[in-house]
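Colleague: The structure is given below, and queries will be raised subsequently.
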Amino acid sequence: MLSPQILTKGTDTAALEADRLVVTTAATRKEIPLAVVQEVRRDSETSLTIVLTDGVTHSVTGGNPTATALFHTALDAALPEERDPAGSSLVTVEDDPGAVPWPKVFAWGAAFVAAYAGYVWWTAVAHGGAMAVIAFFAAFGTLVGLLGVFGVVSNLRDRWILRRRGVTVRAAADHYPNGKRSHYYKFTDTHGNEYLQRASSNSTPYIHVVYDPQGPGRRVQGKWLPILISQYVFGSLAALGVLALGLWGVLAPYV
């Protein structure tokens with residue numbers, strides 16, 4: 001049995017599954033049933049246009065001509081003889097809040113490194129080597145503290161949204177091919193899509209997972225309320241403490 005083909009370009013993918021084409025970008029997941037695909041056109045060496053039975057088109061891009069050509073052939077061969085005229089009405093598009101926009105992450109990371117290096121250099125020139133050393137570690141601590149605070153706030157926001165519209169399901173422990181249990185649990189949403197949720201412990205065969213039906217990328221492990229409160233309290237104190245120490249070190253040369 002051949003492995004399902006996946007066409008990739010950067011962080012975007014197009015996966016050919018048994019009865020559908022799943023196109024995933026940095027922010028969305030699109031499922032196109034093969035029965036509503038009228039034809040597949042190759043626009044260039046690395047791009048394909050999916051034409052649906054109602055005339056609506058979708059584009060996918062590959063990383064190289066060979067992969068694109070083979071994907072085109074496999075997709076053509078997988079199309080059923082009978083088409084469904086419903087076309088785009090059967091295509092599902094979901095936002096994925098859990099997805100990581102890697103290009104923006106790399107761009108902001110490069111900008112931060114440049115600003116970080118410039119700040120340390122300026123501190124060394126204006127206030128001496130000792131202060132530059134303090135600034136070097138303090139700026140890093142400030143970043144860690146900011147990321148910690150952002151993580152706590154983001155997680156609290158997800159919990160709040162899931163409390164309003166979340167769906168709770170039972171997830172079963174996932175196993176590696178050698179039979180060893182992993183730290184992930186597997187569940188299926190109401191559309192039949194399968195997801196993995198990392199758990200804090202893999203000692204039980206099942207856990208409860210709460211996910212957002214409007215975007216299953218937002219999901220958390222269900223936990224007892226006192227445990228959640230203690231985690232957020234101590235996590236917030238730790239993040240704010242690191243941030244305060246970092247800011248003190250950053251501002252020390254100038255006060």
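The values are calculated or read from the model by the stated rules, or taken from the named source; none is laboratory data. Keep in mind the model is a prediction, meaning the values are calculated, not measured. Here the Cβ is made from the backbone with ideal geometry for all residues, glycine too, and neighbour counts use every protein chain on show. Surface areas here come from the heavy atoms of the whole protein model, side chains and all, with no ligands, DNA or RNA. Shrake-Rupley method; radii C 1.70, N 1.55, O 1.52, S 1.80 Å.
Colleague: Give the residue, chosen from PRO85, PRO65, PRO80, that is open to solvent by 50 Å² or more (accessible area, probe 1.4 Å), farther than 23 Å from THR8 by Cβ and out of contact with any Pro (no Cβ under 7 Å at 6 or more places or on another chain). Full working, then the answer.
Modeller: Working: PRO65 fails: farther than 23 Å from THR8 by Cβ; PRO80 fails: open to solvent by 50 Å² or more (accessible area, probe 1.4 Å).
Criteria check complete, one pass: PRO85.
Colleague: What number of residues within segment 189-209 satisfy the criterion of being open to solvent by 60 Å² or more (accessible area, probe 1.4 Å), outside any loop (DSSP other than H, G, I, E, B) and either farther than 17 Å from VAL93 by Cα or in contact with a His (Cβ under 7 Å, 6 or more places away or on another chain) (or both)?
Modeller: The number of residues fulfilling the criteria is 4.
Colleague: For the subset of segment 61-109 comprising residues that are of a type in the set (Gly, Ala, Ser) and modelled with pLDDT under 90, which member is farthest from THR28 (Cα to Cα)? Break it down stepwise before answering.
Modeller: Residues of segment 61-109 that are of a type in the set (Gly, Ala, Ser), as a first pass: 62-63, 67, 69, 74, 77-78, 86-89, 98-99, 107, 109.
Right, trim to modelled with pLDDT under 90 and you get 63, 98-99, 107, 109.
Working: GLY63: 19, GLY98: 10, ALA99: 8, ALA107: 21, GLY109: 23 Å.
The selected residue is GLY109.
Colleague: Something else about it: Determine whether VAL144 is under 20 Å from the mean Cα position of the chain (by Cα) and surrounded by 12 or more Cβ atoms within 10 Å (Cβ to Cβ). Even if it seems obvious, please write down each step before you answer.
Modeller: Values: under 20 Å from the mean Cα position of the chain (by Cα): no; surrounded by 12 or more Cβ atoms within 10 Å (Cβ to Cβ): yes.
So VAL144 fails the test.
Colleague: Testing VAL242 on (1) more than 30 Å from PHE137 (Cα to Cα); (2) of a type in the set (Val, Ile, Thr); (3) crowded, with 17+ Cβ neighbours inside 10 Å, one condition comes back false. Which one is that?
Modeller: The single condition VAL242 does not satisfy is (1).
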